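Below: one structure, written as structure tokens.
Read-outs throughout are calculated quantities, based only on the coordinates presented, and are distinct from any laboratory measurement. Owing to the predicted nature of the structure, the values given are computational and were not obtained by experimental measurement. Note that we place each Cβ from the backbone using ideal geometry, even for glycine, and neighbour counts take in every protein chain shown.
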Amino acid sequence: MFRAAVRLSVSGARSLTWTRLRCTAPLAQRCYSHGGKQETDEEFDARWVNYFNKADIDSWELRKGMNTLIGYDLVPEPKILDAALRACRRLDDLATAIRILEAVKDKSGPHKDIYPYLIQELRPTLDELGISTPEELGMDKL
């Protein structure tokens, strides 16, 4: 890679020289925190509940938050999912609510007892908000 250096004077460009650029960027360095404060499970849950309970959350933030949460190596707690489903209701976004339930079912993987437990815990919220599960809609048979 080359860089042009132009010397200017009152009468115009005086000279043009080409110089070869040298890589002067610092090397990437990883910073590991050994012994730093780790977030507890309760703090993690509270952070996500607060995120989804924001009064001004929009559809993009809701989907971004769920994509980030589903990307973690965990199945979200019912209280987090409750807050996310309520955010879907505030935004009048039934499709995202059903998509959240589908994602949680997929995230449960081979552990067949997790998804029924989550639905059992979320049943009062689902009934209150008028949200049907993918199974109730027949989407599991497609």
Can you tell me which of G109, G71 is within 21 Å of Y51 (Cα to Cα), out of contact with any Leu (no Cβ under 9 Å at 6 or more places or on another chain) and surrounded by fewer than 11 Cβ atoms within 10 Å (Cβ to Cβ)? G71
Considering segment 88-142 alone, what residues qualify as being of a type outside the set (V, I, T), under 21 Å from V75 (Cβ atoms) and in contact (Cβ under 8 Å) with a residue 40 or more places away in the chain? C88, L118, E121, L122, L126, L129, M139
Kindly indicate whether R99 is over 24 Å from D41 (Cα atoms), among the basic types (K, R) and out of contact with any His (no Cβ under 8 Å at 6 or more places or on another chain). yes
Hey, among the residues in segment 112-134 that are assigned to a helix (DSSP H, G or I) and among the hydrophobic types (A, V, I, L, M, F, W, C), which one's farthest from R90 (Cα to Cα)? I114
Considering only residues that are farther than 18 Å from D41 by Cβ, of a type in the set (D, E, K, R) and in a loop (DSSP other than H, G, I, E, B), which ones fall in segment 57-81? D58
